[in-house]
């Protein structure tokens with residue numbers, strides 16, 4: 001009888017502990033609202049998504065999204081600068097509540113953290129002057145296309161380009177950008193972030209997206225088993241799309257509209 005009572009007490013305690021743990025992990029949003037602050041990891045070395053402006057303050061698309069989330073929650077947004085290497089460890093160690101840092105989704109990451117819906121476009125594509133009539137790989141036939149040697153977009157372009165395309169390879173992104181701005185090439189393959197930088201530097205040759213080579217949009221990362229926070233973040237992203245706020249961010253920082261179907 002004594003053993004049975006001890007077992008029943010231990011079992012009840014274990015059930016209560018599991019219930020408490022599940023409740024605690026599922027109510028990160030409540031903790032944020034109670035503290036009146038949300039800590040968000042952001043980049044400060046990857047324009048136009050995140051950089052330090054002339055006023056020495058963080059700026060960029062990721063920064064604007066982080067601040068929008070804080071505003072929608074009615075709490076103060078505390079920005080925490082991170083690198084690509086430490087952004088997920090910062091989240092897992094509870095140094096931040098969210099990661100908004102051009103974070104792509106893949107199976108390995110999905111094992112350790114959860115992801116919101118996509119909040120910003122991030123892709124590799126073929127860009128060029130507006131007068132270049134190219135909408136698909138086949139229409140590159142006979143043309144010269146600039147690309148950074150060894151970059152992923154150069155490798156992907158090589159797979160899909162017609163045999164008579166001339167791929168002019170440059171040693172780094174800066175050389176590819178310079179070649180396009182100077183008119184050495186009128187079409188180039190790169191990421192949309194690089195195209196945005198070119199548009200910022202030289203509006204007269206602002207790159208026009210011809211077609212996407214590979215799509216890898218940005219997602220917000222958060223710890224697993226935080227359903228209330230995940231639902232709220234997704235609600236804010238959906239509201240930003242519906243209101244045109246996401247389009248405004250894209251036009252401001254990426255110098256381009258959101259891609260069709262985003």
Expressed as an acute angle from 0 to 90° and rounded to the nearest 10, what is the orientation of the C-alpha long axis of helix 2-26 relative to the principal long axis of the chain?
30
Over all directions, what mean area does the Cα convex hull of the range 161-200 project, stated in square nanometres?
3.1
Between Rg and the Kirkwood Rh of the range 123-215, both from Cα atoms, what is the Rg to Rh ratio?
0.91
Kindly rank 90-97, 113-120 from highest to lowest mean number of other beta carbons found within 10 Å of each residue.
113-120, 90-97
Helix 227-243 sits at what angle to the longest principal axis of the chain, using alpha carbons and giving 0 to 90 degrees rounded to 10?
40
Please state, rounded to one decimal and in Å, the Kirkwood hydrodynamic radius that the chain gives when every pair of distinct Cα atoms enters the mean of 1/r.
20.6
Based on DSSP H runs of at least 4 residues, each adding -39500 (n - 2.57), what is the mean residue ellipticity at 222 nm of the chain after dividing by all its residues, to the nearest 500 deg cm²/dmol?
-12000 deg cm²/dmol
Protection-proxy order for peptides 80-87, 151-158, each taking the mean of Cβ atoms within 10 Å per residue, highest first:
151-158, 80-87
Packing-based ranking, highest mean first, of 29-35, 226-232 given that Cβ atoms within 10 Å are counted
226-232, 29-35
To test your reading of the geometry: what angle, between 0 and 90 degrees and rounded to tens, separates the Cα axis of helix 61-73 from the longest principal axis of the chain?
30
DSSP bridge pairs, the range 123-215: antiparallel proportion in percent, nearest 5
65
Starting from the Cα of residue 251, step 7 Å along the direction of its Cβ; do the same at residue 133; then give the gap between the two resulting points in nm.
2.9
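Computed from the coordinates by the stated procedures, all read-outs in this text should not be read as laboratory data. Since this is a predicted model, take the numbers as computed values, not measurements. Ideal geometry is used to build each Cβ from the backbone, glycine not excepted, and the neighbour counts take in all protein chains shown.
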